[in-house]
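Novice: Got a structure for you, questions after.
Read-outs: derived from the displayed coordinates by stated rules, not from any lab. Predicted model only: the values in this text are computed from it and were never measured. Backbone-built Cβ (ideal geometry, glycine too); neighbour counts: all protein chains shown.
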Amino acid sequence: MVRINQLTCFAVLAGLFGLASGCGSEVCVAEVPLYADLDLDGFGKGEEIGIGCEAEPGKGQAGNADDCDDADPNVHPGAEDVCNLVDDDCDGGIDESHRKTSWYPDGDFDGYGGGESTSACVSPGPDWAPEPGDCDDANPAVNPDGVEICNNGVDDDCNGAADDDDFTVDPDTYLHWYLDDDSDGYGDADSVFVEACQPPTPEHTLDATDCDDANAAISPGATEICDLIDNDCDDLIDDADPSIDPSTQDTFYADDDGDGYGGDLTTLACGAVPGYGSDNSDDCDDNDPAVTIPTNWLYDLDGDGFGAGAPLSFGCFPPEAGTVGEVFGIDCDDSNDLVNPDAEEICGDDLDNDCVDGDKQCGPIGSFEIQDGPVWVNDPPVYSCIEACALLFGGVSTDYHCSTSPTVLDYLSYVDGWADSQYCTNPVAETFSKEQAGNPGYNCGGFQCSYSAYVLDHSCTSINYCWES
């Protein structure tokens with residue numbers, strides 16, 4: 001190091017070290033070490049750069065090394081202590097003259113921090129918050145000011161409870177749970193729903209599209225089959241539903257000539273289809289109704305379409321004119337065209353017109369008054385006249401005809417109408433009965449809702465006569 005005595009002007013120092021002259025006179029009163037003062041605040045820092053006059057150091061020089069930040073002219077010994085997280089006065093303390101508060105790391109910038117705090121009079125940065133309590137500092141939607149959302153499994157408001165366990169849950173986020181009585185995963189839309197985040201019981205579901213909640217085999221998830229029921233709840237039944245299981249349908253064969261026997265063309269259906277009335281493909285010629293399957297051919301002497309006698313031949317086609325296939329039926333009197341399997345039986349003509357059980361009796365086999373039936377207030381079944389005949393005299397309803405006359409078969413009957421002033425004396429069809437769908441019997445609730453040919457309600461003394469069919 002070059003030393004300059006006090007008889008030498010500091011100008012010499014300036015020449016040697018490239019420093020501006022700090023001498024106000026030719027003689028230095030006191031000689032001191034010099035330090036770089038880069039921020040020109042009168043305080044230097046770092047290594048000694050030379051010797052100079054204490055009273056008048058040069059520009060960019062200081063006779064001390066007390067600056068703790070030589071890049072900031074506001075930071076030096078004796079400076080005002082400002083709340084700025086800086087040791088402004090270089091006394092080793094930061095903001096010591098200011099009131100400090102706790103700041104918490106805020107990783108998701110939602111205004112709430114978590115983890116260990118630091119003390120400062122001003123925010124240490126954008127990722128610090130003055131409020132603690134964030135229970136998920138990676139999710140800005142989760143904090144003490146958050147809104148509890150239903151069914152997400154998250155404690156959104158950091159109060160220690162989530163979903164149904166938190167009474168502050170936003171009611172607009174509740175789910176509607178419907179009772180599922182048949183446990184098929186689909187609920188009844190007509191049931192009272194429960195608002196909750198989770199199902200209140202295992203028998204509750206969010207899906208309310210079940211059309212029969214008493215039958216687990218019926219639901220939107222079921223497969224449509226041939227059973228006259230809307231199995232999959234799409235308001236389409238059996239063949240009308242394109243999603244029907246084809247394995248439950250029957251094969252029908254086109255019957256172009258309408259003779260009851262089909263050809264090769266087929267279709268699948270639950271029930272009979274127009275033009276496909278046959279269940280076989282055995283028709284020898286499906287364009288000719290006189291030609292069916294191979295059959296015995298019989299003479300038809302009376303020309304009524306039915307033959308009798310010994311077979312003339314066997315095959316698909318008639319061997320000659322005036323023969324018909326045995327497949328259509330056998331005439332029990334081939335000399336009378338009024339007698340054949342298709343004829344209507346006539347009472348008392350001494351002919352077995354329809355070739356079944358001989359001549360029909362003329363007259364009823366029995367009768368009954370309407371009021372002989374059960375009391376309507378006990379909710380009995382609703383009967384048509386022929387159903388009542390079968391009930392009283394045995395067999396099935398198709399074994400009978402009804403008449404309002406004991407001498408003439410008029411195929412009519414009398415009925416008693418519940419909630420209807422027109423009853424007892426106005427004849428209706430022998431097959432007529434009426435009940436409100438889903439509410440049979442007395443408790444049908446509505447005007448003109450039930451009629452029965454066999455019931456005690458009014459004093460219906462009208463008589464129905466039962467004839468053999």
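Novice: Mind listing the long-range amide H neighbours of TRP128? Cut-off is under 5 Å, sequence gap 5 or more, other chains count too, H placed in the peptide plane at 1.01 Å from N.
Specialist: Answer set, sorted by chain and number: ASP106.
Novice: Tell me which residues come under 5 Å, amide H to amide H, from GLY111 once H is placed; ignore anything under 5 positions away on its chain.
Specialist: Under 5 Å from the amide H of GLY111: no residue qualifies.
Novice: Restricting attention to region 78-177, which GluC sites (Glu not before Pro) occupy a DSSP loop and are surrounded by at most 15 other Cβ atoms within 10 Å?
Specialist: Hits after loop and neighbour filter: GLU80, GLU96, GLU116.
Novice: Here's a follow-up. Sort LEU298, LEU40, LEU179, LEU312 so the one with the fewest other Cβ atoms within 10 Å of its own Cβ comes first.
Specialist: Lowest count first: LEU40, LEU312, LEU179, LEU298.
Novice: Report, in debye and to the nearest 20, how large the dipole of region 94-202 comes out about its Cα centre when Lys and Arg carry +1 and Asp and Glu carry -1 on their Cβ.
Specialist: So the magnitude is around 780 debye.
Novice: ALA196's amide H: which non-local residues (gap 5+, or another chain) put their own amide H closer than 5 Å, with H modeled 1.01 Å from N in plane and none for Pro or chain starts?
Specialist: LEU175, TRP177
Novice: Let's test the formula: R0 of 51 Å, r as the Cβ-Cβ distance of ASP235 and ALA290. What FRET efficiency results, to the nearest 0.05?
Specialist: About 0.70, to the nearest 0.05.
Novice: Shifting gears a bit: Can you tell me the dipole magnitude for region 234-383 around its Cα centre, using point charges on the Cβ only (Lys, Arg +1; Asp, Glu -1), in Debye to the nearest 20?
Specialist: Computed charge dipole of region 234-383: roughly 240 debye.
Novice: Taking 0.36 nm per residue of sequence separation and subtracting the Cα-Cα distance, how much length would be gained by fully extending the chain between ASN159 and LEU40, in nm to one decimal?
Specialist: 37.3 nm
Novice: State, as an integer percentage, the relative contact order of the chain based on alpha-carbon contacts under 8 Å between residues 6 or more apart.
Specialist: 6 percent
Novice: Still on this model: Can you work out the Karplus-derived ³J(HN,Hα) for every residue in region 386-394? Use 6.51 cos²θ - 1.76 cosθ + 1.60 with θ = phi - 60°, whole Hz, and x for glycine or proline.
Specialist: Going residue by residue, I get 5, 5, 5, 4, 5, 5, 8, 10, x Hz, with x marking Gly and Pro.
Novice: For ASN336 and SER459, calculate 0.36 nm times their separation in residues minus their Cα-Cα distance, and state this gained length in nm to one decimal.
Specialist: Extra length from ASN336 to SER459 when fully extended: 39.4 nm.
Novice: Fewest Cβ neighbours within 10 Å first, please rank VAL428, VAL169, VAL194, VAL408 accordingly.
Specialist: VAL408, VAL194, VAL428, VAL169
Novice: Cross-link partners among lysines for LYS59, C-alpha distance below 24 Å, same-chain residues fewer than 8 apart left out?
Specialist: LYS59 reaches LYS45.
Novice: Hey, another quick one. What FRET efficiency comes out for ASP379 versus ALA189 if R0 is 41 angstrom and r is the Cβ-Cβ distance? Round to the nearest 0.05.
Specialist: Efficiency at R0 = 41 Å is approximately 0.90.
Novice: Quick one: of the DSSP bridges fully inside the chain, what percent are antiparallel, nearest 5?
Specialist: Bridges in the chain that DSSP calls antiparallel: roughly 90 percent.
Novice: Quick check for you: which residues of region 295-321 have the amide N under 16 Å from the point 7 Å beyond the Cα of ASP349 toward its beta carbon?
Specialist: Only 302-305 fall inside the zone, counting backbone N under 16 Å.
Novice: Towards the positive end of the charge dipole of the chain, with charges on Cβ (+1 Lys, Arg; -1 Asp, Glu), say which of ILE94, VAL377, SER459 has the farthest Cα.
Specialist: Farthest towards the positive end: ILE94.
Novice: OK, next. What are the ³J(HN,Hα) values, in whole Hz, obtained from phi via the Karplus relation 6.51 cos²θ - 1.76 cosθ + 1.60 with θ = phi - 60°, for each residue of region 174-188 in sequence order, with x given for Gly and Pro?
Specialist: 4, 9, 9, 9, 10, 5, 10, 5, 9, 6, 9, x, 10, x, 8
Novice: Which FRET efficiency value, to the nearest 0.05, is calculated for THR425 and ASP181 with the Förster distance at 60 angstrom and r the Cβ-Cβ distance?
Specialist: Efficiency, rounded to the nearest 0.05: 0.80.
Novice: Now for a different question. How far apart, in nanometres, would the label points at SER469 and ASP72 be if each is projected 7 angstrom from Cα along the Cα-to-Cβ direction?
Specialist: About 11.0 nm, to one decimal.
Novice: Another question, if that's okay. With θ set to phi - 60°, apply the Karplus curve 6.51 cos²θ - 1.76 cosθ + 1.60 along region 406-413 and write out the HN-Hα couplings as whole Hz, x wherever there is a Gly or Pro.
Specialist: Ordered by residue, 3J(HN,Hα) equals x, 10, 10, 7, 9, 6, 10, 8 Hz.
Novice: Longest span of the chain, sites excluded, free of trypsin sites (Lys or Arg not before Pro) in DSSP loop with at most 15 other C-beta atoms within 10 Å?
Specialist: For trypsin sites (Lys or Arg not before Pro) (loop position, at most 15 other Cβ atoms within 10 Å), the longest site-free span of the chain is 101-469.
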